[in-house]
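Worksheet for the structure shown next.
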Amino acid sequence: PVLSALELGGVKIARDDVVRDDPTNNVPDSIFSKLGMQLHKRNQHPIGILKNAIYEYFDANYSNKFDKFDDLCPLVSVKQNFDDVLVPADHISRSYNDTYYVDSQTVLRCHTSAHQAELLRDGHTHFLVTGDVYRRDSIDSTHYPVFHQMEGFRVFSPEEWEASGLDGTSYAAGDLKKCLEGLARHLFGAVEMRWIDAYFPFTNPSFELEIYFQEKWMEVLGCGVTEQEILRNNGQLDSVAWAFGLGLERLAMVLFDIPDIRLFWSNDERFTSQVQLIDNFTNKKGMTSHCYRIAYRSMECSLTDEEINELQRKVREQVETKLNVELR
Ligand code: PHE
C-alpha cells in the first residue's frame with residue numbers, strides 16, 4: 001500500500017503533491033514510496049553506520065568544524081538542483097529521462113549539491129549534507145533510482161593559502177585529495193584506489209575517486225574545486241572552496257561486502273539489523289555481560305557450519321582485541 005502523505009523535515013507532503021496525472025510529472029508511486037524512508041538516519045542500517053563513521057572522521061580531524069545536515073527536503077526547485085550549481089540549460093541531466101520532475105519547476109534532487117548555494121548563503125563554510133537522491137536509471141547490482149549521497153564543502157579564506165606559496169585553486173585541490181584519501185584510509189584501511197580527471201559544471205578542476213571492488217574499478221565519489229561563480233553568487237567574495245559528493249551505497253558495499261545495491265531496501269531484519277543485543281546483565285561485582293545474536297547469511301549459498309564457525313571465530317577475535325572485553 002502506498003502512503004497518502006508523509007512528513008519530511010517537518011513539512012507534510014501529500015502523495016498528490018508529488019505523484020500527479022500531469023504531463024510534466026514523471027514520479028511513479030514506487031519512487032514516492034521511497035521518500036521519507038531516511039535510511040541514512042537509521043543508526044543500525046549500513047547507510048546510517050557509514051554516515052556516522054564519516055562524521056567521526058570529520059569531527060576528529062576538523063575539531064567539529066563541519067556543520068551536519070541530514071534532514072533537508074529532497075523536493076527541490078530546478079533552480080536549486082541545476083541553475084545554482086551552473087548546470088547548463090541543455091545538459092542531459094535536466095531531461096525527463098534522467099530526473100524525476102514533480103512539475104516543471106520542482107524535482108526530486110538528483111544530487112546533494114542542490115543544497116550548496118542555500119547553505120553558503122546561510123553563512124556555512126564547512127558542511128556535510130546527507131540525503132536520498134533520485135535518478136531515473138535502469139536497475140542492476142550497482143544502480144538503483146534512489147540512493148544516498150553525502151556532500152562535503154569547505155571554504156578557505158585567502159590567509160589559509162597565501163602562506164603556502166600556492167594559488168588558491170592548487171591549495172584547495174591538494175587539501176581536498178588529502179582529506180578524501182584520509183577518509184578512505186579511516187574507512188577501509190588499505191584499499192586500492194585511483195584518481196580520475198572528471199568534469200562537473202560546478203567544479204574546476206574536477207576528479208573522481210575509484211575503488212577496486214569485485215574485480216572492477218567502481219566510482220565512489222565526485223569532487224573538485226568549486227567554481228568561483230558559485231561562491232560569488234552566494235556571498236563568498238575572495239574565497240576558494242572544495243566540494244565532494246560521496247555515493248554512500250557504493251562505499252557501504254565495499255566496506256561491508258554487500259554484493260547488491262537493492263539489498264539496502266530490504267526489510268528483512270537479518271539484513272537491517274544483523275547484530276542484536278538480546279541480553280544485558282550486571283552482576284554484584286559490577287561486571288556487565290552482553291549477549292548478542294548475529295545473523296550470518298550469504299547471498300550465493302547456504303553457509304556450512306564450518307564457514308560460520310570461521311566467521312564467528314574472526315568476529316570474536318576482533319571483538320576481543322578492539323573492544324577490550326572478556327569473551328565467554
Ligand atoms: N554532484 C556530483 C554527482 O552527483 C558529485 C560532486 C559533488 C562533484 C561535489 C563535485 C563536487 O555526481
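Given ASN280, ILE230, ALA295, which one lies farthest toward the positive end of the charge dipole of the stretch 220-322, if we put +1 on the Cβ of every Lys and Arg and -1 on the Cβ of every Asp and Glu?
Value: ASN280.
Where a ≥ b ≥ c are the square roots of the eigenvalues of the C-alpha gyration tensor, would you call the stretch 5-265 rounded, which needs a/c under 1.5, or, failing that, prolate if a/b is larger than b/c, or oblate? Each step should come with its number before you reach the end.
Values: a/c = 1.67, a/b = 1.25, b/c = 1.34.
The shape class here is oblate.
For the charge dipole of the stretch 131-262, defined by +1 on Lys and Arg C-beta atoms and -1 on Asp and Glu C-beta atoms about the Cα centroid, which residue among MET193, HIS143, PHE244 has the Cα displaced farthest towards the positive pole?
Sorting the options by dipole projection puts first HIS143.
Quick query: amide H of LEU8 versus all other amide H atoms, modeled in the peptide plane; which residues come in under 5 Å with a sequence gap of 5 or more or a different chain?
Those lying under 5 Å, H to H, from LEU8 are ILE13.
Filter LYS34/LYS322; LYS216/LYS314; LYS79/LYS178; LYS51/LYS322 down to the pairs with a C-alpha to C-alpha distance above 30 Å, please.
Numbers: LYS34/LYS322 36 Å; LYS216/LYS314 27 Å; LYS79/LYS178 32 Å; LYS51/LYS322 21 Å.
Long pairs (Cα-Cα over 30 Å): LYS34/LYS322; LYS79/LYS178.
Going by Cα centres, the stretch 35-107 and the stretch 284-309 are how many Å apart?
Spelled out, the Cα-based centre of one part sits 35 Å from the other.
Okay, helix-only estimate at 222 nm for the chain: each DSSP H run of n ≥ 4 adds -39500 (n - 2.57), divide by all residues, round to 500 deg cm²/dmol; what do you get? Mind dumping the intermediate values first?
Values: 11 runs with 98 residues, N = 328.
Mean residue ellipticity at 222 nm (helix-derived): -8500 deg cm²/dmol.
According to a simple spin-label model (label point 7 Å from Cα along Cα-to-Cβ), what is the distance in nm between ALA53 and ARG328?
2.9 nm
Grab the beta carbon distance between TYR212 and THR288, set R0 = 51 Å, and tell me the FRET efficiency rounded to 0.05.
Values: r = 41 Å, r/R0 = 0.80.
My answer for the efficiency is 0.80.
How high is the relative contact order of the chain? Use alpha-carbon pairs under 8 Å, at least six apart in sequence, and give a whole percent. Don't skip to the answer; put the middle values down first.
On the way: 513 pairs, mean separation 45.4, N = 328.
Relative contact order for the chain comes out at 14 percent.
Where in the chain are the DSSP H helices whose C-alpha atoms run 18 Å or more along the long axis and whose mean Kyte hydropathy is at least -1.0? The partial results should precede the final answer.
On the way: long enough: 46-61 (23 Å, 0.07); 168-188 (30 Å, -0.03); 305-323 (26 Å, -1.50).
What comes out of the filter, once short or polar helices are dropped, is 46-61, 168-188.
Between SER4 and SER266, how many nm apart are label points set 7 Å from Cα along the C-beta direction?
According to this spin-label approximation, the distance is 3.4 nm.
Fully extended, how many nm does the chain gain between GLU181 and ASP257 (0.36 nm per residue separation, minus their Cα-Cα distance)?
Working: separation 76, 0.36 × 76 = 27.36 nm, distance 2.01 nm.
My answer for the length gained is 25.3 nm.
Could you work out which residue, out of LEU311, LEU183, LEU120, moves most in a Gaussian network model of the chain, that is, has the largest mean-square fluctuation with Cα springs under 10 Å?
Comparing LEU311, LEU183, LEU120 in a Gaussian network model of the chain, the most mobile one is LEU311.
Rounded to the nearest 5, what % of the DSSP beta bridges within the chain are antiparallel ones?
Details: 55 of 58 bridges.
Antiparallel bridges make up about 95 percent of those DSSP assigns within the chain.
If r is the Cβ-Cβ distance from LYS12 to ASP305 and R0 is 56 Å, what FRET efficiency results, to the nearest 0.05?
Values: r = 51 Å, r/R0 = 0.91.
For LYS12 and ASP305, the calculated efficiency is 0.65.
Treating only the Cβ of Lys, Arg, Asp and Glu as charged (+1, +1, -1, -1), what charge dipole size does the chain show about its Cα centre? Round to the nearest 20 debye. Walk me through the numbers before you get to the answer.
Working: 34 positive and 51 negative charges, 218 e Å.
Value, rounded to 20: 1040 debye.
With unit charges on the beta carbons (Lys and Arg positive, Asp and Glu negative) and the dipole taken about the Cα centre of the chain, which residue among GLY182, HIS126, LEU50 sits farthest to the positive side?
Toward the positive end, the furthest listed residue is LEU50.
Below 8 Å between Cα atoms, with a sequence gap of 6+, how large is the relative contact order for the stretch 274-323 in percent?
Details: 34 pairs, mean separation 13.5, N = 50.
Relative contact order here is 27 percent.
How many nm separate the modelled label positions at GLU219 and SER273, each set 7 Å beyond the Cα in the direction of the Cβ?
Rounded to a tenth, the inter-label distance reads 3.7 nm.
Could you give the dipole magnitude of the stretch 182-300 about its Cα centre, charging the beta-carbon of Lys and Arg +1 and that of Asp and Glu -1, in debye to the nearest 20?
So the dipole magnitude of the stretch 182-300 works out to roughly 740 debye.
Taken together, the values in this text are just the output of simple stated rules run on the coordinates, not laboratory data. Bear in mind that the values here come from a model prediction, so they are computed numbers and not experimental data. In this analysis, Cβ positions are derived from the backbone assuming ideal geometry, glycine residues included, and neighbour counts consider all displayed protein chains.
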